[in-house]
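Participant: Structure incoming, see below.
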Amino acid sequence: MRRGRVVGVLLLGCAVGWGTGCKKEEAVVPAALDAGVVSSAVAVPDAGAPVVAAKVSRPLRFSDVKLSHDGDRLLATYTLTNPGTVQGRGDACLWLLDDKGAVIEALRLSAITVKGGTSDTFEDRALVTPSFWKQTRSVRLFTTNKYCQQRTPDASSELLHVLPTGRPVPEGFARPRDMETSQPADFEVSDVRLRQDRAAGDYFITYTVKNLSGRRASGTACLRAYAEDGCSCHLEETTVGDFSLPAGASETVTDTILFNKDSHWDTVQALRLFLGPSGCADEVDAVNPGFKFDKPEDLRGPVEEVDADGEVELDPDNNDAVVDVPDEPQDPVDDHGGDEPYSDSPEDTGH
C-alpha cells in the first residue's frame, strides 16, 4: 500500500541549456549493477543532432525501513528511490534469516512501481508463521522482476540486510545465504494424533516433525484421507501446518483439519500425512509415500439431529452443520376443490 510519493522532475530542456531552476545532472559513470539490472548504452550523437537524455537503469535504493510483528501478521514500511531514468517495477521481497543466515521463509510483499528520478513509500502486510518469526534474527529486502523464491536473488535493487526491526545489522553479523530447497526425505514424522471437538464441530491434528538433514529445512504438511487402504484416490486433502527447522531439530505442530465435507469422516478409513517443500502440491510417489495411520474409531462426522416429524434439519449455509429450526405452519392446499393435496404425478394430473 502506498502512503505517499515524492516526485523528482527531470527537465529535458536542461540538457540543452541551463534555465532558472534547472539542476545540473552529473555525468553518467558506468558502474557495476546488481544482478537483474541492465544499463542501456549511451550513444554519442552526430554533430548538429538533437541531444536526447539517455535511458539509464540503476538499482533501486531502500530507506526508512521499519518492520513490526504481531501474532501472525508482519507490517513492513519502506521507501524506494529510483536513481535512474527508467521506471523500476517488479515485486518487493523479504527473506527471513536465522542466526546462521539461512533462509527460513521467502515472502512476497507486493508489486512496486517507481518512476525514474522519484521516490515512493510503501506499506505492506504479510502473514508469517509465528514459529518462523521467533527464529528470525535478520531479514533481507530486495526487489526483483522475477520471483522472490529464487535460490539466488535476481535483484533489481540493492540487497538490503537489516535486523527484524528494520535497523542495520551490526558488523560481524551472519551474512545471508542462498535459499535451499528441502526434500521429503529431510523430514521424519511421528506421534500423529487426531482429535474431534464435537461441541464446536472442529477436527484437529497433532504431530511431531524432525529435520534429518544437515542443514535448515522448511516444509508444509498435507493430510490426505482415503475411503480404503491402498486406494490411490483420496476423498479429501488439506494443508495442516508449516515448519522450518535447523539441522537435527524437532517441532510439535497442531493445526485444524478443514475438509470440504465433514460428512466424509464417516467414510474415511485410512489417512496419510505427507511432508515436503510444497505440501499438497508435491507428487505422491515411492520417494514421498506419506506417513500412514488409521482413523480413530471414535472420530465421526457431524451428528444429525431429527425433529419431531423425523426429518433431519441442516443449516442452509452449511450442509454439515445441524441447527434447530422450528416447524412452520402450512396452509392446506385445495387447488382442485378436493381434500387431497396437489400432486405433480402423471396419475393425478393426467399429463
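Participant: Going highest first, how would you order 112-122, 218-228, 145-155 by mean Cβ packing within 10 Å? Before the final figure, lay out each step's value.
Facilitator: Values: 112-122: 18.5, 218-228: 20.4, 145-155: 16.2.
Packing proxy ranking, top to bottom: 218-228, 112-122, 145-155.
Participant: Let me ask something additional. Write out the chymotrypsin sites (Phe, Trp or Tyr not before Pro) in the range 252-293 meeting two conditions: DSSP loop, and at most 14 other Cβ atoms within 10 Å of their Cβ. Don't skip to the answer; put the middle values down first.
Facilitator: Working: sites: F259, W265, F274, F291, F293; in loops: F259.
Sparse-neighbourhood loop chymotrypsin sites (Phe, Trp or Tyr not before Pro): none present.
Participant: Still on this structure, please answer the following. Identify all lysines with a Cα-Cα distance to K55 below 16 Å; exclude those on the same chain that are fewer than 8 residues away in sequence.
Facilitator: Hits, sequence-local ones excluded: K115.
Participant: With the dipole of the range 143-205 worked out from charges on the C-beta (+1 for Lys and Arg, -1 for Asp and Glu) around the Cα centre, which of V169, V189, F204 lies farthest toward the positive end?
Facilitator: Farthest towards the positive end: F204.
Participant: Let me ask something additional. Please list, ordered by chain and number, the residues whose modelled amide H lies under 5 Å from the amide H of A249; skip anything fewer than 5 residues away on the same chain.
Facilitator: Here the answer is N211, since their amide H atoms fall under 5 Å of that of A249.
Throughout, read-outs are computed from the coordinates displayed, never taken from laboratory work. All of these numbers come straight from a predicted model, not from anything done at the bench. All Cβ positions, even for glycine, are placed from backbone atoms using ideal geometry, and neighbour counts span all protein chains on display.
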